[in-house]
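A short write-up of the structure that comes next.
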Amino acid sequence: MGAHGVTVPPTTGRTLPLTTRPEASAAACSTVSELDAAVVDCRACPRLVAWREQVAHERRAAYAEEDYWGRPVPGFGDPSARVLVVGLAPAAHGANRTGRMFTGDRSGDWLFAALHRAGLAAQPTSTSRVDGQRLAGVRVTSAVHCAPPGNAPSPQERDTCAPWLVREIQLCRPRVIVALGGFAWTALLRDLAQMGAALPTPRPRFGHGAEWFIADASGAADGLWLLGCYHPSQQNTFTGRLTAPMLDDVLGRARALAGEA
């Protein structure tokens, strides 16, 4: 049964290895491309597997003729990025449909437009995995790689998915991490502590424009900066809580701290 009591069809076409131990699978990856391939085959969280596949089977009417991705969504961008942007999770009819992080929904429209204005994206839009979009010096990813019901992963699902993000940070070795929203901020603090960062007590609180330097995070050359930014969700952008200049300011600060400005 699916997350809302609907029968979920089995994955079609391909035989998936049952990657139910992300910690071991992530640790075995020595490159970002290996990590991306391993993420795609993860089936560790039954509720998320059921939901992402149910959504891909039922589809939204506007996308009824499209083949949904319906799998975990890997990070996208420069494998040696000095700036890593971390969101919450793929949107059910956005990245879960297109297979590219922050692609196919309003949040992604805002983010990629801002990345383009900052000189980090080749195009101001991201619509599909084959649209020619390229990122330079930045990579976008999320704390949870599967679309969750109600856009709300459980704490257990966040922690189960954590090894993927930990390994992504270790392999990319960013100078700056931008957390889009409080969920990503909290997940990153937990992951950085696991990597050896000595965080203050109480831990830094999320806020738009918040900045913290993490001096001893394992795998980060010369330490890294953690920046907070409101998530470009419709709730935030429609109400004016997050404006384009506010997002531009955070990305500009990230570029400056990363030495990309």
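The values are calculated or read from the model by the stated rules, or taken from the named source; none is laboratory data. None of the values given here were measured: they were computed from a predicted structure. Every residue, glycine among them, receives a Cβ derived from its backbone with ideal geometry; neighbour counts consider all protein chains shown.
The set of residues from segment 111-137 being farther than 16 Å from A244 by Cα and polar (S, T, N, Q) comprises Q123, S126, T127, S128, Q133.
Pick out the one residue from D78, D67, D109 that is more than 27 Å from A258 (Cβ to Cβ) and out of contact with any Ser or Thr (no Cβ under 6 Å at 6 or more places or on another chain).
The unique qualifying residue is D67.
Yes or no: S107 under 15 Å from the mean Cα position of the chain (by Cα), in contact (Cβ under 8 Å) with a residue 60 or more places away in the chain and farther than 21 Å from R47 by Cα? Spelling it out, S107 is indeed under 15 Å from the mean Cα position of the chain (by Cα), in contact (Cβ under 8 Å) with a residue 60 or more places away in the chain and farther than 21 Å from R47 by Cα. Checking each residue in segment 181-205 for being in a helix (DSSP H, G or I) and of a type in the set (D, E, K, R) picks out R190, D191.
Checking A136, A210, A197, A162 one by one, the residue that is surrounded by fewer than 24 Cβ atoms within 10 Å (Cβ to Cβ), under 28 Å from A92 (Cβ atoms) and either under 16 Å from the mean Cα position of the chain (by Cα) or among the small types (G, A, S) (or both) is A162 and no other. Of all residues in segment 98-122, which are more than 20 Å from D67 (Cβ to Cβ), in a helix (DSSP H, G or I) and not aliphatic (A, V, I, L, M)? Matches in segment 98-122: R106, S107, D109, W110, F112, H116, R117.
State all residues of segment 98-151 that are among the hydroxyl-bearing types (S, T, Y), touching a Phe, Trp or Tyr at 6+ places or on another chain (Cβ under 7 Å) and more than 21 Å from P174 (Cβ to Cβ); if no residue qualifies, say none.
Within segment 98-151, T98, T125 qualify.
With respect to A147, is the statement that it is among the hydrophobic types (A, V, I, L, M, F, W, C), under 23 Å from P22 (Cα atoms), touching a residue at least 40 places away in the same chain (Cβ under 8 Å) and in contact with a Cys (Cβ under 8 Å, 6 or more places away or on another chain) true? Steps first, please.
Values: among the hydrophobic types (A, V, I, L, M, F, W, C): yes; under 23 Å from P22 (Cα atoms): yes; touching a residue at least 40 places away in the same chain (Cβ under 8 Å): yes; in contact with a Cys (Cβ under 8 Å, 6 or more places away or on another chain): no.
Here the answer is no, as A147 does not meet what is asked.
Of all residues in segment 58-74, those that are at pLDDT 95 or above and either out of contact with any helix residue (DSSP H, G or I) (no Cβ under 6 Å at 6 or more places or on another chain) or among the hydrophobic types (A, V, I, L, M, F, W, C) (or both) total 2. Given the condition modelled with pLDDT of 95 or more, part of a loop (DSSP other than H, G, I, E, B), closer than 25 Å to L192 by Cα and of a type outside the set (G, A, S), answer yes or no: does some residue in segment 149-156 qualify? Within segment 149-156, one or more residues are modelled with pLDDT of 95 or more, part of a loop (DSSP other than H, G, I, E, B), closer than 25 Å to L192 by Cα and of a type outside the set (G, A, S). Scanning segment 165-194 for residues that are surrounded by fewer than 22 Cβ atoms within 10 Å (Cβ to Cβ), closer than 17 Å to V32 by Cβ and without any contact (Cβ under 8 Å) to a residue 60 or more places away in the chain yields one hit, Q170. The residue that is surrounded by the fewest Cβ atoms within 10 Å (Cβ to Cβ), among those in segment 88-125 that are among the small types (G, A, S), in contact with a Leu (Cβ under 9 Å, 6 or more places away or on another chain) and under 19 Å from R60 (Cα atoms), is S107. Whenever a residue of segment 245-260 is modelled with pLDDT of 95 or more, its partners that are among the basic types (K, R) and surrounded by fewer than 19 Cβ atoms within 10 Å (Cβ to Cβ), lying with C-beta atoms within less than 7 angstrom and at least six residues away or across chains, give the pairs D248/R117.
If you check P79 against the conditions, is it of a type outside the set (V, I, T), surrounded by 20 or more Cβ atoms within 10 Å (Cβ to Cβ) and either in contact (Cβ under 8 Å) with a residue 12 or more places away in the chain or not in a loop (DSSP other than H, G, I, E, B) (or both)? No, not satisfied. Exactly one residue among R139, R167, R129 is under 14 Å from G75 (Cα atoms), in a loop (DSSP other than H, G, I, E, B) and not β-branched (V, I, T), and that residue is R129.
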